[in-house]
Amino acid sequence: MKSNLTHKLLKSHLVDGDLTPGKLIGLRFDQTLCQDATGTLVMLTLEAMNLDRVKTSVSVQYVDHNLIQEDHKNADDHLFLLSAAQRFGAWYSRPGNGISHPLHMKHFAKPGELLIGSDSHTCATGGLGMFAIGAGGADVAIAMAGKPVYLKMPEVWGIRLTGELPPWVSAKDVILEMLRRHDVNGGVNRVLEYYGPGVETLSAMDRHAIANMGAELGATGSVFPSDDNTRAFMEEAGRGNEWQALAADEGCDYDIHEELNLSELEPLIAKPSSPGNVVPVSEVAGEPIYQSYIGSSANPGFRDFAIAAHMVKGETVPTNLSFDINPSTREILEELSISGHLNSLLMSGARLHQAGCNGCIGMGQAPATDKNSLRTTPRNFPGRSGTREDKVWLCSPETAAASAVTGEITDPREFAKARNLIHPGHLRPEKTINHSKLFVEPIEDNQSVELIKGPNIKSLPDFPELPDSIEVPALLKLGDNISTDEILPAGAEILPYRSNIPQISEYVFDAVSETYVEDAKKLFEKGGHAIVAGSNYGQGSSREHAAIAPGYLGLRMVIAKSFARIHWQNLINAGILPLTFVNESDYDKIPENATLKFSDIRNSLKGSDSITLEVSDLDEPIKVQHGLSGVYRDIILEGGIVNWMQTQ
């Protein structure tokens with residue numbers, strides 16, 4: 001039977017279930033990835049599980065988010081993560097080595113394997129012929145313990161690429177076109193599988209850029225074939241012996257079909273403040289900008305910086321504009337220096353920052369108040385940049401470079417035409433830099449290692465067992481597409497508390513409600529509270545803190561029209577009941593602060609999918625559904641995944 005590539009990858013790692021969309025499947029993962037903003041909780045979970053050593057073939061702990069060391073907190077986390085990596089037998093990537101996703105793809109990714117990471121953009125490695133997904137830290141800990149990770153089998157969306165990208169149009173415009181067509185929830189519970197003759201024209205790092213922002217569509221993951229371009233990438237990385245060819249069978253079927261002609265694409269841009277708010281650059285050309293920012297996990301390749309250097313060479317950016325260069329890895333920074341591209345950027349007036357995520361998650365480079373910021377980052381959720389009322393636009397390196405010189409949003413095609421610029425073609429480094437000196441290898445005698453815990457590192461809180469009845473107020477009523485950045489912000493002030501749940505809980509819904517935290521504390525002893533939300537609740541980051549911290553404040557359930565995949569799982573792992581409306585119109589019937597009452601919950605979860613919800617001031621109860629089965633139901637009944645693991 002002919003099979004698409006996604007099914008081939010999953011079937012080879014299937015432990016439980018079958019590949020029927022919507023059904024629960026258990027998968028064995030070969031590799032795991034953690035970054036420092038989420039990795040502390042992963043390591044604390046492993047400690048709570050009493051794990052002796054990771055069971056995966058490769059597990060890597062990166063430090064790329066919390067790089068600013070304005071006091072002891074981030075530095076303490078770095079030492080804790082180094083000790084934890086050595087204690088549990090994982091690799092450790094030191095601060096300054098670079099962003100996890102391009103580093104992992106270059107040094108560890110293997111076609112045919114499965115990768116799970118505690119960062120939503122782990123899906124970027126799907127560009128190398130892997131099935132790679134982001135998840136909450138608890139699920140990553142489960143994979144590190146050698147246990148299967150469960151998720152709902154996604155539909156497979158076959159996207160046939162034809163043609164070839166025109167000059168001054170790049171891979172970022174491909175995924176922006178997908179977002180223009182389908183918005184931020186078009187890929188929920190789906191895998192985007194790219195195939196067709198157009199794929200052959202895309203380099204491995206082009207594919208990385210496209211797969212990375214599949215997360216912005218809400219997709220479970222993105223999959224590209226492993227072909228000659230994949231082999232060339234791995235050979236340059238010194239790992240050609242680990243390459244294998246992988247592709248979908250000719251004539252195989254997909255659950256959804258789509259076609260995209262690369263030759264017809266033009267430069268695109270996502271307007272503030274959603275990755276799905278996409279228009280042609282030509283439509284908004286002339287808008288003045290304050291900042292142009294190049295570099296992130298979404299555009300981490302050498303060519304993404306080199307094309308910008310080519311465009312700004314000999315130019316000087318306006319004095320009122322901040323031109324920010326965020327190298328993705330130290331290796332690429334060295335390659336840019338050797339090739340002379342770094343000098344072109346610096347001579348234009350660019351500001352060079354350390355290799356890491358930086359301003360993408362509000363760690364520096366915040367834009368000025370009420371000023372436009374163009375960024376090659378994957379997300380522009382409100383306030384994510386570090387400026388509360390920001391105006392962030394998402395674009396390609398070509399658009400960012402052209403606009404940096406002119407001081408206004410500029411179509412790179414028009415910029416090149418006005419300056420008689422010839423497109424340089426596929427830019428490659430003069431010398432490929434491959435070194436692993438900033439990776440710390442796992443040690444053999446790991447049992448003797450003591451975890452180093454600074455004063456900011458607190459153990460995981462207790463997770464209460466799910467009660468048999470709940471009667472709580474709906475403390476917040478929220479709209480559609482609430483992101484994890486709005487539930488629990490990122491940024492230089494808050495990110496350092498990622499290993500301290502009591503402290504980070506003080507910032508929950510900081511961007512939404514000034515009184516939520518205090519109101520939740522008052523309700524805690526009375527049984528807690530609930531939240532009512534619209535569609536795609538919890539989109540964005542994989543940060544499980546956005547579930548655990550509200551749970552610490554007494555959140556017992558969230559009733560929404562629909563959930564983003566990772567946040568839905570994180571709620572379950574934190575022992576918080578995620579429910580959806582049987583009839584979405586019932587959302588309008590529940591006012592904020594209405595009392596919500598469930599009875600006989602535990603039996604209801606074991607019986608039918610629907611639960612009867614009594615709402616104060618409503619004559620008739622409404623129906624909600626839990627969608628929980630198998631291991632998910634067991635986890636929620638135990639009060640979360642840590643409790644459940646301790647019973648196994």
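Length available on full extension from residue 241 to residue 646: 0.36 nm per residue minus the Cα-Cα distance, which gives 141.8 nm.
Taking N as the residue count of the stretch 399-455, its C-alpha radius of gyration divided by 2.2 N^0.38 Å amounts to 2.33.
Let me have the relative contact order for the stretch 219-277, percent, based on Cα pairs under 8 Å that are six or more residues apart.
Numbers: 25 pairs, mean separation 14.3, N = 59.
Relative contact order, the stretch 219-277: 24 percent.
Separation of the stretch 153-169 from the stretch 7-27 is 24 Å, based on Cα centroids.
Given R0 = 25 Å, the distance between the Cβ atoms of residue 320 and residue 428 translates into a calculated FRET efficiency of 0.10.
Rg and Dmax of the stretch 317-431, both derived from C-alpha coordinates alone, stand at 14.6, 42 Å. Between amide H atoms placed 1.01 Å from N, distances below 5 Å from residue 196 occur with 161, all of them 5 or more places distant or on a separate chain. Close amide H partners of residue 563, meaning residues 5 or more places away or on another chain with modelled amide H under 5 Å apart, are 536, 537. Longest span of the chain, sites excluded, free of trypsin sites (Lys or Arg not before Pro) in DSSP loop with at most 11 other C-beta atoms within 10 Å? It runs 3-430. In order along the stretch 36-49, phi translates into HN-Hα couplings of 5, 5, 10, x, 4, 5, 4, 5, 5, 5, 4, 5, 5, 7 Hz, rounded to whole numbers, per the Karplus curve 6.51 cos²θ - 1.76 cosθ + 1.60 with θ = phi - 60° and x for Gly and Pro.
Determine, at each q value in 0.24 (inverse angstroms), the log₁₀ of I(q)/I(0) that the Debye formula gives when each Cα of the stretch 138-243 is one equal point scatterer. For the stretch 138-243, the Cα-only Debye profile gives -1.25.
Provide the FRET efficiency to the nearest 0.05 for the residue 201-residue 258 pair, computing r from the beta carbons and using R0 = 30 Å. In this case the efficiency is close to 0.95. Round to a whole angstrom and tell me the spacing of the C-alpha centers of the stretch 587-610 and the stretch 400-416. Here the answer is 53 Å between Cα centres. The percentage of C-alpha pairs in the stretch 563-630 whose separation is greater than 15 Å is 56%. Dipole check for the chain: with +1 at the C-beta of Lys and Arg, -1 at the C-beta of Asp and Glu, and the Cα centre as origin, the magnitude is about 820 Debye. Using θ = phi - 60° in the Karplus curve 6.51 cos²θ - 1.76 cosθ + 1.60, the 3J(HN,Hα) couplings for the stretch 196-209 round to x, x, x, 4, 4, 8, 9, 6, 4, 6, 4, 5, 4, 4 Hz; x is entered for Gly and Pro. Residues in the stretch 29-89 average 27 Å² of solvent-accessible surface per residue, probe 1.4 Å, ligands and nucleic acids excluded.
In square nanometres, what is the average projected area of the Cα convex hull of the stretch 456-562? Spell out each step's value before the answer.
Working: hull surface 27.0 nm².
Averaging across all directions leaves 6.7 nm² for the Cα convex hull.
The ellipsoid equivalent to the alpha-carbon distribution of the stretch 239-350 has semi-axes of 32, 24, 12 angstrom, derived from the gyration tensor eigenvalues as √(5λ) and listed largest first.
Report, in degrees rounded to the nearest 10, the 0 to 90 angle that the Cα long axis of helix 397-406 makes with the longest principal axis of the chain. The angle comes out near 70 degrees. The Cα-based radius of gyration and maximum Cα-Cα distance (Dmax) for the stretch 196-271 are 14.3, 43 Å. Sequence-distant contacts, meaning Cα pairs under 8 Å at least 6 residues apart, place the relative contact order of the stretch 109-154 at 33 percent. For the stretch 319-396, carbon and sulfur atoms together expose 49% of the accessible surface, with a 1.4 angstrom probe and every protein chain in place.
Dipole check for the stretch 413-541: with +1 at the C-beta of Lys and Arg, -1 at the C-beta of Asp and Glu, and the Cα centre as origin, the magnitude is about 960 Debye.
Heavy atoms of the protein chains alone define the surface here; on that basis the stretch 522-579 has 20 Å² accessible area per residue at 1.4 Å probe size. Which value, in nm² and rounded to one decimal, describes the direction-averaged projected area of the C-alpha convex hull of the stretch 492-648? It is 9.9 nm². Summary of the geometry: the stretch 72-106 and the stretch 314-344, compared by the centres of their Cα atoms, lie 25 Å apart. Coupling constants for the stretch 106-122 follow from the phi torsions by the Karplus curve (6.51 cos²θ - 1.76 cosθ + 1.60, θ = phi - 60°), and in residue order they are 6, 9, 10, 4, 9, x, x, 9, 10, 10, 10, x, 7, 8, 5, 8, 4 Hz; glycine and proline get x. Peptides 319-329, 139-149, ordered by how many other C-beta atoms sit within 10 Å of their residues on average, highest first, read 139-149, 319-329. Select from 291, 219, 434 the residue farthest towards the positive end of the dipole of the chain; place +1 on Cβ of Lys and Arg, -1 on Cβ of Asp and Glu, and compute about the Cα centre. The one lying farthest along the dipole's positive direction is 434.
Given the Cα atoms of the chain, and with Rh set as the inverse mean 1/r over their pairs in the Kirkwood sense, what is Rg to Rh to two decimals? Radius of gyration over Kirkwood radius for the chain works out to 0.95. For the stretch 495-541, GluC sites (Glu not before Pro) meeting the loop criterion (DSSP other than H, G, I, E, B) and having at most 14 other Cβ atoms within 10 Å: 514, 525. When only the Cβ of Lys, Arg, Asp and Glu is charged (+1, +1, -1, -1), the dipole of the stretch 1-134 relative to its Cα centre reaches about 720 debye. The calculated pair-distance distribution of the stretch 412-513 uses every alpha carbon pair, bins of 5 angstrom beginning at 0, and gives 2, 7, 9, 9, 10, 11, 9, 10, 10, 9, 6, 5, 3, 1, 0 percent.
The Rg/Rh ratio for the stretch 235-287, using Cα coordinates for both the radius of gyration and the Kirkwood hydrodynamic radius, is 1.19. Stretching residue 20 away from residue 282 to a fully extended chain increases their span by 90.0 nm, per 0.36 nm per residue minus the current alpha-carbon distance.
Protein-only accessible surface at a 1.4 angstrom probe places the residues 122, 647, 20 in the order 647, 20, 122, largest first.
Charge tally around residue 185: other residues with Cβ under 11 Å, Lys/Arg +1 each, Asp/Glu -1 each, net 0. A viscosity of 1.002 mPa s and a temperature of 20 °C, combined with the Kirkwood radius over C-alpha pairs in the Stokes-Einstein formula, give the stretch 357-421 a diffusion coefficient of 173 µm²/s.
The amide H of residue 351, built 1.01 Å from its N in the peptide plane, has 323, 324, 325 as neighbours under 5 Å, considering only residues 5 or more places off or on other chains. Taking every DSSP helix (H) stretch of at least 4 residues in the chain, weighting each as -39,500 (n - 2.57) and dividing the sum by the residue count yields a mean residue ellipticity at 222 nm of -8000 deg cm²/dmol.
Note on the stretch 386-542: dipole from Cβ charges, positive end direction compared against 407, 502, 466; the farthest Cα belongs to 407. What does the C-alpha gyration tensor say about the overall shape of the stretch 448-496? Classify as rounded when a/c is under 1.5, otherwise prolate if a/b is larger than b/c, or oblate. Verdict is oblate for the stretch 448-496.
With the alpha-carbon atoms of the stretch 293-369 aligned to their principal axes, the span from lowest to highest coordinate is 34, 28, 16 Å, starting with the largest.
The values are calculated or read from the model by the stated rules, or taken from the named source; none is laboratory data. The structure presented is a predicted model; accordingly, all values stated were derived computationally and were not measured. All Cβ positions, glycine included, derive from the backbone under ideal geometry; neighbour counts span all protein chains shown. Side chains are part of the model used for accessible areas, which takes the heavy atoms of the whole protein and leaves out ligands, DNA and RNA. Shrake-Rupley method; radii C 1.70, N 1.55, O 1.52, S 1.80 Å.
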